[in-house]
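Q: Sharing a structure here in structure tokens format.
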Amino acid sequence: MGTYKTLLAASIAMLGAGGAVSAEQDPFLWLEEVESEQALSWVKQQNGVTQAYLQKGDNYQQVFEDSLAILNAEDKLAYPRLLGGYYYNFWQDSDHVKGIYRRTSPEEYRKPNPKWETVIDVDALAKAEKTDWVYKGMECLEPDNTRCLVSLSRGGADATVVREFDLSSKRFVTDGFVLPEAKSQVSWFDHNHLLVATDYGEGSLTDSGYPRQVKLWRRDTQLAEAKPLYEGAVESVSASGYTLHDRHGQIALIREGTSFYTSKNFLLDEKQQLHALAIPDDATVGGYFDGKLFFQLKSDTENYGQTLVQGSIVYAPVDELIKEKPRYQKFVAPTPHASIEGLHFTANHILVTWLEDVTSKLAIYSPAKDGGWQAKQLPLGDNGSLYAFNANSQSDHFFIDYSSFLLPASIYDVDAETAQVSLLKSAPAKFAADDMVSEQFFATSKDGTKVPYFVIHKKALKLDGNNPTLLYGYGGFEVSLTPYYSAIIGKNWLEKGGVYVLANIRGGGEYGPAWHRAALKHHRHKAYEDFEAIAEDLIARKITSPAHLGIQGGSNGGLLMGAAVTRRPDLYNAVVCQVPLLDMKRFHKLLAGASWMAEYGDPDLASDWDYLKTYSPYHNVHKETAYPKVLFTTSTRDDRVHPAHARKMVALMQAQGHDVLYYENLEGGHAGASNNNTRAEMYSQIYSYLYDRLM
């Protein structure tokens, strides 16, 4: 096959007129072979050039040290997970690079410096087993929460090994449940049974690479003997089984994700028979409370003469939902400026997190005597983000994490019965924010839509167009970007006089399902127009200018970066494009890409490709166009978004004569980094690049 230099020369020779790639011929396909000798040789050569360029800056080492100090700080918040009377926490620092899973008592946790007991030492486990383990989470059997399923990943990939663990003895269970490496979805059914969707061999995965078979696996039997419960279509995204709990007991559900946004849902009864649930196929299940299933509507729905609007939460008794035409009851409905961000359940109350013009509010809903609901608003600060956690069916206490751009996070203990709030812990400030301010503005997009964005800067900011500004965006998959405290951004960017901007463009979930669908498939350009409108608004306000404006995004946000720089290269002088999608002709053939066709369309359909090719970055970069010096980053171990997207884009742009930078972490998965050292290295690269380009 030859060396990578030979392959590269042959690829360049195959380029068409003007140095462009065509839909019919892709000369850089060899870079899709993730771990081939030639591809990795090319990667290492690129890494060496990029590191040499970035490390020559005066600030590289300082950013690394500052970032690592923040990430490893002993006084950072330890977020507790309540299990069986203990508070558990996953912790990484300079002594525990891969991390430890640890626990303490509720009383001890409230102390300034609580004493922790190690439960799992991932560093020690990795050393003993000579495997680059990355901790990926734990699911425990309710209500006792002593037997758990621990997920471990090699190098940070999505695929995991699952092992049964006993929290009482702090040991993996001898001859317990063990699943080999796969993109498994597994849930406890009871002490002796698991609901398992995994790679059962040939034909058991969907086109997206996820499991499509759900089985009931009994303890002390081989996985091959597990009882089949359900099989989804090859064309679907995935199938899985899971349980939901209320104070009276549990139900088991089977879900087939027929696309990223549609599903079939089934109740698994006591006789292990399946019953279809009569809910809209684009609705999402939100939880289980007092025998009723709650779900969110993604489209306007007619039900027994009532119109239930898009984004509403509705409910019905589970035994009614297995009938052909159940009657839905409205729980809460959105407004033009407020969408429902989250839904959580305690023993006797329901928690709803609202987004009102992209700031969070939380209300506690309780059943009323007349069959309706009574709501209590939780009194927390304005212009911030809050997240409820540790809510469960056995208690009416839950926790809240609250922060804003300039206010470090605090954890509160809340009694849902009384709405009484008590402070548990607060994180110390990690950058000087007294002389800073956060503001919200609205840009007007091309079609007249008002698009919100936040700007964080020093109060003494001069509106002269010379301020180094970093604009961050995502705009997809109904993901909302909300205010948050980032010590990394504060220390490395804001303190140095930089301006940080968070864009709430369409495609996200900031105003509910309609905001997302406004940029779905053939409307994708709306997200890009929104982003460009914000950039132009920043320039019009003289906050910055193209010479000082940089942009950043990852994954779908990496696609946003690719579209931004190919559509309007004149607007930006720095682009940080992380773990991106860029080749929209082949995205559905690479790793999990087929599952995203509900978001972008199917490139194999002529009508979809005719639209996709108008913005596919890989097909819209041109030799004669001047582009800023883009920094592309990805990870070899990313088994969600294929690293070839970034690899091929860089190879093409360099073949066209463009000066771009590329760095591929050889571990780290879709997050790009798997421990604090590699995270600090990643921040050093990004901010050294931004200083060089914008300051």
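FYI, it's all coordinate maths here, none of it is from the lab. Because the structure is predicted, anything quoted here is derived from the model rather than measured. Glycine also receives a Cβ, built like all others from the backbone with ideal geometry; neighbour counts cover every protein chain displayed.
Q: Mind checking the log10 I(q)/I(0) for the stretch 1-107 at q = 0.10 Å⁻¹? Debye, one equal scatterer per Cα, no solvent, two decimals.
A: -0.63
Q: Below 8 Å between Cα atoms, with a sequence gap of 6+, how large is the relative contact order for the chain in percent? Mind showing how you got there, number by number?
A: On the way: 1635 pairs, mean separation 82.7, N = 695.
It comes to 12 percent, rounded to a whole number.
Q: Given His523, Tyr474, Ala52, which one lies farthest toward the positive end of the charge dipole of the chain, if we put +1 on the Cβ of every Lys and Arg and -1 on the Cβ of every Asp and Glu?
A: Ala52
Q: Could you work out the pair-distance distribution P(r) of the stretch 395-525 from its alpha-carbon pairs, with 10 angstrom bin width and percents rounded to whole numbers?
A: Result, from short to long distances: 11, 31, 29, 22, 5, 0 percent.
Q: For the stretch 62-68, just list the computed ³J(HN,Hα) in residue order, Karplus coefficients 6.51, -1.76 and 1.60, θ = phi - 60°, integers in Hz, with x standing in for Gly and Pro.
A: Calculated HN-Hα couplings, in order: 5, 5, 4, 5, 5, 5, 5 Hz.
Q: With the Cα gyration tensor of the stretch 491-634 in hand, give its eigenvalues times 5 under a square root as the equivalent ellipsoid semi-axes, listed largest first in whole angstrom.
A: Working: eigenvalues 138, 61, 41 Å².
Equivalent ellipsoid semi-axes, largest first: 26, 18, 14 Å.
Q: Okay, next question. Take the Cβ-Cβ distance between Ala429 and Ile251 as r, set R0 to 45 Å, and report the resulting FRET efficiency rounded to the nearest 0.05. Display every interim value, and only then the final one.
A: Numbers: r = 45 Å, r/R0 = 1.00.
After rounding, the FRET efficiency stands at 0.50.
Q: Give, as a single signed number, the net charge of other residues whose beta carbon lies under 15 Å from the beta carbon of Ala20, with Lys and Arg counted +1 and Asp and Glu -1. It would help to have the intermediate numbers written out before the result.
A: Numbers: positive: Lys585, Lys613, Lys623, Lys648; negative: Glu24, Asp26, Asp583, Glu624.
Charge balance in the 15 Å sphere: 0.
Q: Now, a different point. Ala159: net charge of surrounding residues, Cβ under 15 Å, Lys/Arg +1, Asp/Glu -1, itself excluded? Walk me through the numbers before you get to the answer.
A: Values: positive: Lys136, Arg154, Arg163, Lys183, Arg637, Arg640; negative: Glu35, Asp132, Asp158, Glu181, Asp199, Asp638, Asp639, Glu667.
Residues close to Ala159 contribute a combined charge of -2.
Q: Right, another one. Please identify the cysteines of the chain that lack any partner cysteine with a Cβ under 4.7 Å from their own Cβ.
A: Cys577
Q: Over what distance in Å are the Cα centres of the stretch 186-220 and the stretch 312-363 separated?
A: First find each Cα centre; the distance between them is then 30 Å.
Q: Projecting each Cα onto the charge dipole of the chain (Lys/Arg +1, Asp/Glu -1 at the beta carbon, about the Cα centre), which of Pro114, Ala338, Val43 comes out farthest on the positive side?
A: Val43
Q: Which value, in debye to the nearest 20, describes the size of the charge dipole of the chain about its Cα centre when Lys and Arg Cβ atoms bear +1, Asp and Glu Cβ atoms bear -1, and nothing else is charged?
A: Working: 68 positive and 86 negative charges, 150 e Å.
Dipole size: approximately 720 debye.
Q: In the chain, how does Rg compare with the Kirkwood Rh, expressed as the Rg/Rh ratio over alpha carbon atoms? List each step's numbers first, then the result.
A: On the way: Rg = 25.3 Å, Rh = 26.8 Å.
That ratio is 0.95, to two decimals.
Q: Run lengths n ≥ 4 of DSSP H only: what is the helix-derived mean residue ellipticity at 222 nm for the chain, with -39500 (n - 2.57) per run over all residues, to the nearest 500? Don't skip to the answer; put the middle values down first.
A: Details: 13 runs with 133 residues, N = 695.
For the chain, the value works out to -5500 deg cm²/dmol.
Q: Quick one: Debye curve from the C-alpha atoms of the stretch 464-544, no solvent, what's log10 I(q)/I(0) at q = 0.25 Å⁻¹?
A: -1.09
Q: Can you tell me the Rg and Dmax of the stretch 94-249, counting just the alpha carbons, in angstroms?
A: 17.2, 54
Q: Determine, at each q value in 0.10, 0.20 (inverse angstroms), the log₁₀ of I(q)/I(0) that the Debye formula gives when each Cα of the stretch 243-328 is one equal point scatterer.
A: -0.23, -0.94
Q: Just to check, using Stokes-Einstein with a Kirkwood Rh over alpha carbon pairs, what's the diffusion coefficient of the stretch 334-429 at 37 °C and 0.692 mPa s in µm²/s?
A: Numbers: Rh = 13.8 Å.
The diffusion coefficient I find is 238 µm²/s.
Q: What Kirkwood hydrodynamic radius do you get for the stretch 199-348 when you take the inverse of the mean 1/r over all pairs of distinct Cα atoms, in Å?
A: Details: mean 1/r = 0.0599 Å⁻¹.
Hydrodynamic radius (Kirkwood, Cα pairs) of the stretch 199-348 is 16.7 Å.
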